[in-house]
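Below: one structure, written as structure tokens.
The values are calculated or read from the model by the stated rules, or taken from the named source; none is laboratory data. Quick caveat: nothing in here was measured; it's all calculated off a predicted structure. Here the Cβ positions follow ideal geometry from the backbone for every residue, glycine too, while neighbour counts run over all protein chains shown.
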Amino acid sequence: MQAQMNMYMDSVIGSLTGNAHTPVKSAKPYPVLKLLQLSKQIMQKTCSAMNSDFFNLATNSFINLQTENFHIKEPYISYAAFFRIANALTKCLEKANGHVFVSNNSDPNCDNRNPSKSTNMTQVNGVLMNLTVPDYAKGFGDALKDLDGTDKKGMHEPLIETVWKIVVNAHSYCYRDFSEYYNDHHTYTVSLMPLFTNNIQLIWLKVYEVEAGKGQLYGGLLGDAKDLMEQINNCLAASRLGSAYPWFMNRPHRDTSNSWRRRRSIG
């Protein structure tokens with residue numbers, strides 16, 4: 001299974017960048033990428049209604065794309081802040097629970113809790129609650145801003161969008177675990193934000209037109225990508241319930257200076 005995922009990941013990166021060669025592996029992960037991996041594990045635990053392999057695929061594809069193709073600059077974070085934030089996320093992970101989703105099955109003899117995928121309804125302390133995500137945060141719709149500024153119907157690139165929502169999920173769900181030093185919550189945000197501000201935006205925020213009712217991208221390798229995004233949004237909305245920081249984050253603007261430049265050889 002892992003070998004198949006790796007092959008798929010390579011094919012996705014190749015299709016995104018138009019680069020068929022095998023990139024050189026990075027020597028070691030940046031500290032902020034370790035925080036991203038912790039955030040991914042929190043998403044896998046809270047959004048247990050979804051296949052955890054999908055979050056592995058999205059995160060690994062994202063990291064490979066950034067470190068091996070775009071050669072992103074290493075975002076700065078002090079060791080002390082990194083250590084405290086990693087501890088906060090670890091505490092959050094240890095306490096995290098899978099969201100309980102409820103299907104709309106009307107059969108009174110059927111247990112409607114924890115269906116095979118997330119839904120737009122959850123149960124909190126025995127009370128049914130609808131889950132909503134504002135249009136600007138969905139990642140798909142009838143009037144998304146494309147790179148040229150025009151409104152188009154479609155969706156943002158789903159793997160990168162998933163990683164963005166992994167960060168947004170931890171940003172809201174884990175807020176209380178930053179209580180020892182609340183400024184670390186802000187540091188977590190500004191340290192991971194550069195992962196989304198370089199030229200990866202040219203892939204991420206392009207509007208991809210998908211076949212009506214199917215949401216097919218990459219030849220259908222993701223299945224219904226729009227359905228995947230809807231499920232992730234359900235998880236994200238559930239993480240906001242009861243959070244002391246229930247707000248979404250706006251997608252950042254592109255920073256054209258956020259790129260690695262190869263030094264010119266002399267002589």
**Study point:** Of the criteria (1) surrounded by fewer than 21 Cβ atoms within 10 Å (Cβ to Cβ); (2) not in a loop (DSSP other than H, G, I, E, B); (3) not basic (Lys, Arg), which one Cys92 fails
**Key:** (1)
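Please tell me if Gly220 is crowded, with 21+ Cβ neighbours inside 10 Å, at pLDDT below 85 and either in contact with a Cys (Cβ under 8 Å, 6 or more places away or on another chain) or on the phi > 0 side of the Ramachandran plot (or both).
no
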Check your understanding: Which ones in segment 60-88 are in contact (Cβ under 8 Å) with a residue 40 or more places away in the chain and assigned to a loop (DSSP other than H, G, I, E, B)?
Key -> Phe70, His71, Ile72, Lys73, Glu74, Pro75, Tyr76, Ile77
Practice item. Would you confirm whether any residue within segment 164-181 is surrounded by fewer than 19 Cβ atoms within 10 Å (Cβ to Cβ) and free of Cβ contacts under 8 Å to residues at least 60 places away in the same chain? Key: yes
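If I filter segment 111-140 down to residues being small (Gly, Ala, Ser) and under 22 Å from the mean Cα position of the chain (by Cα), which single residue comes out as modelled with the lowest pLDDT? Can you show your working first?
Step one: list which residues in segment 111-140 are small (Gly, Ala, Ser), which gives 116, 118, 126, 137, 139.
If we keep only those that are under 22 Å from the mean Cα position of the chain (by Cα) as well, we get 116, 118, 137, 139.
Details: Ser116: 60, Ser118: 83, Ala137: 91, Gly139: 93.
Result: Ser116.
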Point to revise | In segment 72-91, residue farthest from His171 (Cα to Cα) [restricted to those that are modelled with pLDDT of 95 or more and touching a Phe, Trp or Tyr at 6+ places or on another chain (Cβ under 7 Å)] | key: Arg84
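Just checking, which of Asn234, Asn258, Asn250 is at pLDDT 85 or above and assigned to a loop (DSSP other than H, G, I, E, B)? Let's see the steps before the verdict.
Numbers: Asn234 fails: assigned to a loop (DSSP other than H, G, I, E, B); Asn258 fails: at pLDDT 85 or above.
Exactly one of Asn234, Asn258, Asn250 is at pLDDT 85 or above and assigned to a loop (DSSP other than H, G, I, E, B), namely Asn250.
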